[in-house]
Amino acid sequence: MSSSSPLPSVLLVGCGKMGNAMLEGWLKHGLKPSVVLDRHDHALPSPHHHARTVADIPADFTPDIVIVAVKPQKADAILEELGQRFPTPVLLSVMAGRSIESLTKTYKKANPSANPTVVRAMPNTPCAIGAGITGLYAEAGTTAEQKDQCDALLRSVGETVWVEQENLIDAVTAVSGSGPAYIFLLAELMEKAGIEQGLPPETARKLARRTIFGAGALLDHSALDASELRIQVTSPGGTTAEALKILMQPDAWPKAVSQAISAAAHRAHELSS
């Protein structure tokens, strides 16, 4: 799918923070006439349509892709309704902890003849500013065109990576899906430490935020590994070296980050079991 081609038409089920962030990006990139299915009011530009129930979806509308972006625990009822209305869609799930087997089983519950092609995706909240990263996995039998359509949608709000095994979506969830929270925590702690060192709160806040922003931008634009960029900042015997003596102790960041991501991946696996 070329960059000049319009994005495929979608039925977006759920338009909360993540769903709305993606929708805004898609509308900017030429989304084909589509429908948003959500109980809240949404002002959509023509020719897009807002529906509060499946029954409200125009009878002549058949989406290229059905995207499910609701809370996993609230998905079953709507999946069953969708299985009756759209029996053979490309079903793009952005829900954590719902396996392809689980999604397919639920989708077919009210209509055993339904046969969706399921793609799982795990975006993150920077999609709201076009700076997201999404990991995707497609079940066996998904065509190249179907994968390209899903990829085009998620590339319009950031970058994409594909994994070859479904269980690796749990690792994607732990690293990048949950990852923004780790960075926000770092900003929070840096700000707090700056205040402890005597900086005015607003100064500490700005220093912490812009440091993380600038370091992230430099990392994104550099071909060097993160470890090499770290070494470049670290003069022997200097202030950064003193700080890293603390942070790089085996029981400090190396252990804590590894344990945190492992815990998140384990929880994602539990939710999908």
Surface share of carbon and sulfur [accessible, 1.4 angstrom probe, percent] for segment 1-83: 51 percent
Accessible area of segment 81-124 divided out per residue, in Å², using a probe of 1.4 angstrom: 37 Å²
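Pairs of alpha-carbon atoms within less than 8 angstrom and 6+ residues apart define the contacts here; what relative contact order does the chain have, in percent? Mind dumping the intermediate values first?
Numbers: 403 pairs, mean separation 41.9, N = 273.
Worked out over the chain, it gives 15 percent.
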Nearest 10 degrees, 0 to 90: helix 144-155 Cα axis against the chain principal axis: 50 degrees
Environment charge at E81 (Cβ cut-off 12 Å; Lys +1, Arg +1, Asp -1, Glu -1): -1
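Compute, for segment 183-273, the length of the dipole vector about the Cα centre, with Cβ point charges of +1 (Lys, Arg) and -1 (Asp, Glu) only. Units Debye, rounded to 20. Write out the running numbers ahead of the final one.
Working: 9 positive and 10 negative charges, 27 e Å.
Its charge dipole is roughly 120 debye.
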Table column - 3J(HN,Hα) (Hz), segment 193-204, Karplus curve with 6.51, -1.76, 1.60, x for Gly and Pro: 5, x, 5, 4, 7, x, 6, x, x, 5, 5, 4
Per residue, in Å², the accessible surface of segment 157-271 once ligands and nucleic acids are set aside, probe 1.4 Å: 71 Å²
Charged-residue dipole, Cβ positions (Lys, Arg, Asp, Glu), the chain about Cα centre, Debye nearest 20: 440 debye
Set of aspartates and glutamates near K17 by C-alpha distance (under 19 Å), chain-local residues within fewer than 8 positions excluded: D38, D41, E159
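Cα-Cα over 31 Å: which of K74/K255; K71/K245; K105/K255; K28/K147; K109/K147? Display every interim value, and only then the final one.
On the way: K74/K255 35 Å; K71/K245 42 Å; K105/K255 39 Å; K28/K147 21 Å; K109/K147 25 Å.
Going by Cα-Cα distance, K74/K255; K71/K245; K105/K255 fall outside the 31 Å limit.
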Residue-wise HN-Hα coupling along segment 207-216, computed from phi with Karplus coefficients 6.51, -1.76, 1.60 (Hz; x: Gly, Pro): 4, 5, 5, 5, 5, 5, 4, x, 5, x
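Given the -39500 (n - 2.57) contribution per DSSP H run of 4+ residues, what per-residue ellipticity at 222 nm results for the chain, rounded to the nearest 500 deg cm²/dmol? Please report the intermediate quantities before stating the final value.
Details: 10 runs with 124 residues, N = 273.
So the calculated ellipticity at 222 nm is -14000 deg cm²/dmol.
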Amide H within-cut-off set for T117, under 5 Å, with H built and near neighbours excluded: V90, L91
Extreme residue, positive dipole direction of the chain, given options P180, T62, L154 (C-beta unit charges): P180
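The values are calculated or read from the model by the stated rules, or taken from the named source; none is laboratory data. Note that the structure is predicted; figures quoted are calculated from it, not measured. All Cβ positions, glycine included, derive from the backbone under ideal geometry; neighbour counts span all protein chains shown. Calculation scope for accessible area: heavy atoms of the full protein, side chains included, ligands and nucleic acids excluded. Shrake-Rupley method; radii C 1.70, N 1.55, O 1.52, S 1.80 Å.
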